[in-house]
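A quick write-up on the structure given underneath.
The values are calculated or read from the model by the stated rules, or taken from the named source; none is laboratory data. These figures come from a predicted structure and were not determined experimentally. Note that each Cβ is placed from the backbone with ideal geometry, even for glycine, and that neighbours are counted across all protein chains shown.
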Amino acid sequence: MENPGLSFFTKYQVCCLGLQKLVIVTFGNPDAIALERGPGVSHGPRKTTTFAPMKPGTILIIDDELTLRGLVTRIIRLEGFDVHEAPDCKTALKKLVQNDIDVVLCDVKLPDGNGVELTGKIKALYPSVEVILLTAYGNIPDGVQAIKNGAFDYITKGNDNDKIIPLLFRALEKVQLQKRVRELEKRVGEKFSFDSILGKSRPIQDAIELARKVVQTNTTVLLTGETGTGKEVFAQAIHQSGSRCEKSFVALNCSAFSKDIIESELFGHKQGSFTGATKDKKGLIEQASGGTLFLDEIGEMPLELQAKLLRVLETGEFIKLGCTEPVHVNFRLIAATNKDLKLESEEHRFRSDLYFRLNVFQIQLPPLRERKKDIEMLSAFFVQQFSVKTNKKPLRISTEYLQKLERYNWPGNIRELKNIIERSVILSNGDELTEALLPYEIQHQTAGGHNSISAFAMTSIEKQHIQKVLNHTKGNKAEAARLMEIGVATLYRKMEEYGLH
Ligand SMILES: Nc1ncnc2c1ncn2[C@@H]1O[C@H](COP(=O)(O)OP(=O)(O)OP(=O)(O)O)[C@@H](O)[C@H]1O
Ligand SMILES: [Mg+2]
């Protein structure tokens, strides 16, 4: 009797051999899988859309039948894949160690084991590898069990042969998507890692060293420092570098909302607990469970809520509005403020018990004027960042421009420096940033850089900058906040402060 597998493979091989170029694209839906064979050659009535050639993957074929294995190998190679072969489980596991395999095509009956069990083992050892099982004709239970063991899919030998190649591409697509997600996650991690905190000066290095020490603990952290010194950057880096990084980093700016909104955002409520509570709402505290809760501008938190927050910190639980049972939570709190919380508590604007609870591990971030030797490095970084963003060729920084920056007092710290560099890059026409590109108050500083109008200047620069960005986004606040890398709530607060509408 003719081997159905062989007949398919032979036909397929003949069909492929006559082709010069094979571009294969897969989309999630199997119906959309199209094999396009060179220009002008259509392949049946399937949907064919824009093509993006896929990078070839690496396949491991596990089968003890030498002829069939060799044939499948040749056919799959024709599709551009790298192929490795193994006649049994033991060799297969060795090949998986030695090579970067993407997809495994595995027979069920193997001399030293069973493909269904091997699937479970492979998925446990290499979760990112996808396995397709070749089951014997009519043996659905094997396939079902393989899926339970983590297989991508199964194929009935002989019956489903024409599905092998499209299925391999789908499995490979999944592997590549997952790789991409991991890469992006890694990049997000890098963006928020300590390595992204620029500065070689002693004060910032001391702060980084302190922060690194607290990463692997659950200790509450209090980040203090003037506006724009990097408190949020530190909070993200602490979260991202610790074991909680897989879980959520949930942030709330306590100055941006009223007491009722903060309460409802933090603690959530049950449906029907008050008029307007149309459905259950999970509070931020619950959402941060396992991860980090970042309470920015904690000095602005209403006193009544400070008491509620303290209770959660002490007991690890709270009762949601409209519920009777407590909710247990496990989050790390990072709080930030530019206020002197000690003074605030002495003057009864901040609860002293909460202050002591928060002040377990304080990291004081230095103002930029106390680490002026970092200005050059920070400026170079921001110039490069904004040149890319505005599609300009790399710009140099003139000596005079840098000297003016180093002489300035920086009341708005790194954020102000960043905004000023962005402004200069936008305004520049040449290949160098010159002092003429600086705002008036930085160009015309009094001796010693003690700019008598610095506070005013900061305000006016920030106001102008926000207005300019809002004009650019045609009033779109979410987009403007994204461009300025601040929260929407902060943008609203600043717009109100500066009377911008
Ligand atoms: N060390 C650093 N290296 C590079 N960029 C930094 C550094 N510190 C801060 N920044 C940048 O400066 C800006 C301000 O930082 P951040 O928002 O963390 O400050 P903040 O202390 O939270 O300010 P505020 O009190 O106003 O909320 C951000 O755009 C951030 O990316
Ligand atoms: Mg902040």
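A few remarks follow.
- Some residue of region 206-216 being surrounded by fewer than 16 Cβ atoms within 10 Å (Cβ to Cβ), among the acidic types (D, E) and either more than 23 Å from the chain's Cα centre (by Cα) or assigned by TED's automatic domain parsing to the domain that holds L341 (or both): yes
- In the set N338, N330, N359, only one residue is within 16 Å of ligand 2 (Cβ to nearest atom), assigned by TED's automatic domain parsing to the domain that holds S243 and not aromatic (F, W, Y); that residue is N338.
- Restricting attention to region 471-487, the residues that are over 21 Å from F382 (Cα atoms) and either acidic (D, E) or at pLDDT 85 or above (or both) add up to 4.
- Residues within region 387-430 that are under 21 Å from S460 (Cβ atoms) and not small (G, A, S), tallied: 22
- The requirement of being farther than 18 Å from M377 by Cβ, at pLDDT below 95 and within 13 Å of ligand 1 (Cβ to nearest atom) is fulfilled somewhere in region 191-199, by at least one residue.
- Enumeration of residues in region 297-331 that are of a type in the set (K, R) and either touching a residue at least 40 places away in the same chain (Cβ under 8 Å) or surrounded by 19 or more Cβ atoms within 10 Å (Cβ to Cβ) (or both): K308, K320
- Output for region 223-244, where each listed residue is aliphatic (A, V, I, L, M) and crowded, with 23+ Cβ neighbours inside 10 Å: L223, A235, A237, I238
- The helices (runs of 4 or more DSSP H) falling completely within region 231-317 that include 1 or more residues that are among the polar types (S, T, N, Q), within 16 Å of ligand 1 (Cβ to nearest atom) and assigned by TED's automatic domain parsing to the domain that holds L210 map to 231-241.
- G158 at positive phi, in contact (Cβ under 8 Å) with a residue 24 or more places away in the chain and not assigned by TED's automatic domain parsing to the domain that holds I285: yes
- Restricting attention to region 332-376, the residues that are free of Cβ contacts under 8 Å to residues at least 60 places away in the same chain, crowded, with 19+ Cβ neighbours inside 10 Å and in a loop (DSSP other than H, G, I, E, B) add up to 2.
- Filter pass, K247 being basic (K, R), crowded, with 17+ Cβ neighbours inside 10 Å and either over 23 Å from the mean Cα position of the chain (by Cα) or at positive phi (or both): no
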